[in-house]
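Read the figures in this text as sums done on the coordinates, not as results from a lab. Just so we're clear, the structure is a prediction, and the values are computed from it rather than from any experiment. Cβ coordinates were reconstructed from backbone atoms using ideal geometry, including for glycine residues, and neighbour counts include every protein chain displayed.
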Amino acid sequence: MSANDEPSIFTRIVAREVPADVVFENDRIIAFRDIAPKAPLHLLVVPKTEAYRNVTELAAGDPALLAELVATAQQLADEHSDGEFRLVFNTGPSAGQTVFHVHAHLLGGQLSEGTLGH
Ligand code: AMP
C-alpha cells in the first residue's frame, strides 16, 4: 500500500480494476503500454508488489526481482523492437516520478536524445 493506504494505479492494473494493454505477466512482474507513450515502443515494466516505491528501495530489498525486471525488459525489447532499449527509473518528484510504485520505462525504437528527459 502507498502512504495514503490507497492501492497504486499499477496495483489496480494488476487486479484488472483499471484497463491496460498488458503485454507480459508472470507471478512477480507485469508489463503494459504506457498510456502516454514517449517513444515508438514505451512499456512500463512493473513488479506486482508495491512494497518498493522506487528502484533504490527495490535494489536494496529484493535485488533478484530487480534483475528479473531487467531480464524481462530485454525479452520485451527483443519481442517488440530490435532488442536495443533505454531503461528509465524516475526516482523522486523532481525527476518526474508520479507513481510511487517502482516501475521501469522501457523505451525502444528510434530514440532521440530528448527521450532521456521523459
Ligand atoms: P512516472 O512519471 O515515472 O512515475 O511514470 C508513470 C507513468 O505511468 C507515466 O508515463 C504515465 O503515462 C503512466 N501511466 C499512468 N497511468 C497509466 C495507466 N492507467 N496505464 C498506463 N500507463 C499509465
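Taking the number of Cβ atoms within 10 Å of each Cβ as an exposure proxy, the fewest-first ranking of ARG53, ARG16 is ARG16, ARG53. Close amide H pairs (under 5 Å, H built 1.01 Å from N) link LYS48 with ILE29, ILE30, residues at least 5 positions away or on another chain. Sorted fewest first by neighbouring Cβ atoms within 10 angstrom, THR56, THR98, THR11 come out as THR98, THR56, THR11. List the residues of the stretch 21-45 whose backbone N lies under 13 Å from a point placed 7 Å from the Cα of SER112 along the Cα-to-Cβ direction. Once the point is set 7 Å along Cα→Cβ of SER112, 38-40 turn out to lie under 13 Å by backbone N, inside the stretch 21-45.
Amide H contacts under 5 Å for SER81: none, restricted to partners 5 or more places along the chain or on a different chain, H placed in the peptide plane at 1.01 Å from N. In the stretch 87-107, whose amide N lies under 13 Å from the spot 7 Å out along Cα-to-Cβ of THR56? List them in ranges. Residues passing the 13 Å test: 90-95.
Each of ILE9, ILE29, ILE35 was scored by other Cβ atoms within 10 Å of its Cβ. Arranged with the fewest first, they read ILE35, ILE9, ILE29. Dividing the helix sum by the residues of the chain, where each DSSP H run of 4 or more adds -39500 (n - 2.57), gives a mean residue ellipticity at 222 nm of -8000 deg cm²/dmol. Counted over all Cα-Cα pairs of the chain, pairs farther apart than 21 Å make up 34 percent.
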